[in-house]
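Engineer: I am attaching a structure below and will ask some questions about it afterwards.
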Amino acid sequence: MSANSSPETAASQTKASTHADHHQPLDDAQVARIRNDFPILTQTVNGKPLVYLDSGATSQNPLTVMEAEQEFYEQRNSAVHRGAHYLAAEATEIYEEARANVASFIGADSNELVWTSNATEALNLLAYSFSNASVGQQQNPEAKRFALSEGDEVVVTELEHHANLIPWQELCRRTGATLSFIPVDDSGALDLAQAAEKIGPKTKIVAFTHASNVTGAITDVPALVALAKKVNALTVLDACQSAPHMPLDVKALGVDFAVFSGHKMLAPTGIGALYGRAELLNAMPPFLTGGSMITTVTMESAGYLPAPQRFEAGTQRISQVIALSTAVNYLRETGMDRIAAWEHQLGQRLAEGLAKIRGVRLVGPAPGELRTGLAAFDVEGVHAHDVGQYLDDRGIAVRVGHHCAQPLHRRLGLTATTRASTYLYTTTDEVDAFLAAVAEVRAYFGADA
Amino acid sequence: MSDLDQLYQDIILFHAKAKHGSTLEGNPPEAGAAVGQSHQLNPTCGDEITLRVETKDGVISALRWAGAGCSISMASASLLTDLAVGESPAEFTKMADHFREVMRSRGKIAADEELLGDAAALSGASRYVARVKCAMLAWVAAEDALAIAR
Ligand SMILES: Cc1ncc(COP(=O)(O)O)c(C=O)c1O
């Protein structure tokens, strides 16, 4: 399989792939072919074939993505939106083509996608822009709609990644607004009945994840959007664990903002994005200021360009943008529905397998219930760090710890869990090797005694 | 012995469960002893320890802790307790300095068993960069607590 870096071909590929049978998951032969595009997966670790089950933290890059980055540096490296020479024009064009391509991947228009370093920066961009709207005289009177003050509320959920929690804590601290959260039940599922109570007339912002990086549960986005709309609150979707793994249409979901990170979707680190409805982005005050985001500048003040340029101050990352666009082509060509269906199978295999192992507590949806292709769990009597070490010795890479979700772990009575997360290149054999190794853990550490 | 078995020697797994010195709760310091207490956290994995040192008549007269964490961090706190009690602060500092040197050596410096006793078994962790912090947690807490007690 090879993805093409030209957005034009990407468009025709999209069309072609709509004719494919989308509900059919990938099959073993296809996954085997996909793996040929990921050289890193062929290595051995501790003398055993690498079993990479940490794509939820960061994914691997296919050759086409790495080649696109190299090609940029070999042929077109130049600053964008500055300079009139050939290379600058060329770089600007592919930079903007990439924006259109990635925007269309999530159902957005190209002026609605702002490049950031990652999802964390995108969320901070939002929080600081709202913060800026909350203080002093605004250049743009429309910015008032984002202003927060005492009495206003920001609502998040108890299962958020710290990236979608702390920026809101800080925004509330700076503005005097109150942070409240939709709690989870004992199984780690969002309590939607409580959501209806938490989201009220004072609520200005509702920020929540699309898919949990710990439980693997998929949020009922339409339900939360409906509650937020009723009270005119803005919605912020953390799409870090959905954009890479399932078809995503921000317009169909009706959210106001969404964020994701390229490194979790076959692209390198250093590139992510903020989606915002055009009308909103164009009314928001900037976060970072400086070159490339301005109109007229005097010694006293400056005018700002419309979005997305308004939020892209300074010389931008370009090779990463091209790499992400190429990664998106690869995903699209493979078929997001097929990837989602494949990972759904793997997620079920993980959940069923883990639930059967004595002394293992599966976190999140029970086997048979909807979950993404990841599973976190606790091994009774063995700390997650030791579980991870044992698996590493078998060449199996998993994540251990609180996965940047301390409040959720605390709520579930856990300090750390082990998490296995899959992607389009994960095989059923790898999942089985992982399950077999987990089944040995308690005996090795004498926890069975 | 494989690297993994080297890391998880029986003595380590024994101490991870036995947790010598994990008796902080309900045991106030002895009257007349100089007391120092330290709380250390490893934010990447959530391992945590609160450790109290008492010194009297020129030696570490008691060491008690409360903590939660992986087998390496718990075994390390237990082995440290066995080793430190009865030693002078100067002797303990010598042990801690050597322990740190071994742990940072990526498996290159062998532990002096004369000096560290059973705690020398923790040297298997030095091969695993991510586990060095686990092994060091209690020691850092002890050094910190001792500095306060002095
Ligand atoms: C659900 C979720 N939100 C946010 C993030 C933060 O992403 P990043 O660290 O790339 O900014 C992650 C990844 O760690 C995540 O899984």
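The values are calculated or read from the model by the stated rules, or taken from the named source; none is laboratory data. Remember, it's a predicted structure, so these values are computed and weren't measured experimentally. Cβ coordinates were reconstructed from backbone atoms using ideal geometry, including for glycine residues, and neighbour counts include every protein chain displayed.
Engineer: Quick one: B:G26 ticks every box in (1) buried (at least 21 other Cβ atoms within 10 Å of the Cβ); (2) free of Cβ contacts under 8 Å to residues at least 12 places away in the same chain bar one, so which box is it?
Structural biologist: For B:G26, the failing item is (1).
Engineer: Something else now. Considering only residues that are under 17 Å from B:S78 (Cα atoms) and crowded, with 16+ Cβ neighbours inside 10 Å, which ones fall in segment B:29-57?
Structural biologist: Answer for segment B:29-57, where residues must be under 17 Å from B:S78 (Cα atoms) and crowded, with 16+ Cβ neighbours inside 10 Å: B:Q37, B:S38, B:Q40, B:D47, B:E48, B:I49, B:T50, B:L51, B:R52, B:V53, B:E54.
Engineer: Same structure, new question: Being surrounded by 15 or more Cβ atoms within 10 Å (Cβ to Cβ), more than 16 Å from the ligand (Cβ to nearest atom) and either part of a helix (DSSP H, G or I) or within 14 Å of another protein chain (Cβ to nearest Cβ) (or both) is the filter here; which residues of segment A:143-169 pass it?
Structural biologist: Result: A:A143, A:F146.
Engineer: Away from the ligand (no atom under 16 Å from the Cβ) and within 17 Å of A:G272 (Cβ to Cβ): does that describe A:A91?
Structural biologist: It is false that A:A91 is away from the ligand (no atom under 16 Å from the Cβ) and within 17 Å of A:G272 (Cβ to Cβ).
Engineer: Which residues, taken from segment A:424-445, are away from every other protein chain (no Cβ under 14 Å) and either buried (at least 21 other Cβ atoms within 10 Å of the Cβ) or not in a helix (DSSP H, G or I) (or both)?
Structural biologist: A:L424, A:Y425, A:T426, A:T427, A:E430, A:V431, A:F434, A:V438
Engineer: OK, next. Mind listing whichever residues of segment B:53-73 are more than 14 Å from chain A (Cβ to nearest Cβ) and touching a helix residue (DSSP H, G or I) at 6+ places or on another chain (Cβ under 6 Å)?
Structural biologist: Correct list: B:V53, B:T55, B:I60, B:L63, B:W65.
Engineer: Right, here's the next one. Inspect all residues belonging to segment A:115-127 and state whether any of them is assigned to a helix (DSSP H, G or I) and farther than 20 Å from A:L171 by Cα.
Structural biologist: no
Engineer: What tally of residues in segment B:29-48 results from selecting those that are within 12 Å of chain A (Cβ to nearest Cβ) and in contact (Cβ under 8 Å) with a residue 12 or more places away in the chain?
Structural biologist: The total comes to 6.
Engineer: Another one. Determine whether A:L253 is over 30 Å from A:A88 (Cβ atoms), aliphatic (A, V, I, L, M) and more than 11 Å from the ligand (Cβ to nearest atom).
Structural biologist: yes
Engineer: I'd like the residue in segment A:57-96 that is in contact with a helix residue (DSSP H, G or I) (Cβ under 9 Å, 6 or more places away or on another chain) and among the β-branched types (V, I, T) and, out of all such residues, is farthest from A:N36 (Cα to Cα).
Structural biologist: A:V80
Engineer: Let me ask something else. How many of the residues making up segment A:170-199 are outside any loop (DSSP other than H, G, I, E, B) and more than 15 Å from the ligand (Cβ to nearest atom)?
Structural biologist: Total satisfying the criteria: 18.
Engineer: Here's something else I'd like to know. Away from the ligand (no atom under 16 Å from the Cβ) and either in a loop (DSSP other than H, G, I, E, B) or not assigned by TED's automatic domain parsing to the domain that holds A:L412 (or both), is that true of A:G216?
Structural biologist: no
Engineer: Taking segment A:54-75 as the region of interest, how many residues are under 19 Å from A:A88 (Cβ atoms) and without any contact (Cβ under 8 Å) to a residue 60 or more places away in the chain?
Structural biologist: The qualifying residues number 2.
Engineer: Could you grab the pairs with beta carbons closer than 6 Å, sequence gap of 6+ or different chains, first residue in segment A:31-42 and under 12 Å from A:Y330 (Cβ atoms), second one part of a helix (DSSP H, G or I)?
Structural biologist: Short answer, once both residue conditions are applied: A:D37/A:L63.
Engineer: Right, here's the next one. Quick one: which helices (runs of 4 or more DSSP H) lie wholly within segment B:74-150 and hold at least 1 residues that are under 24 Å from B:C45 (Cα atoms) and within 14 Å of chain A (Cβ to nearest Cβ)?
Structural biologist: B:129-149
Engineer: Residues of segment A:34-62 being within 14 Å of chain B (Cβ to nearest Cβ), assigned to a loop (DSSP other than H, G, I, E, B) and within 16 Å of the ligand (Cβ to nearest atom), which ones?
Structural biologist: Selection gives A:A57 alone.
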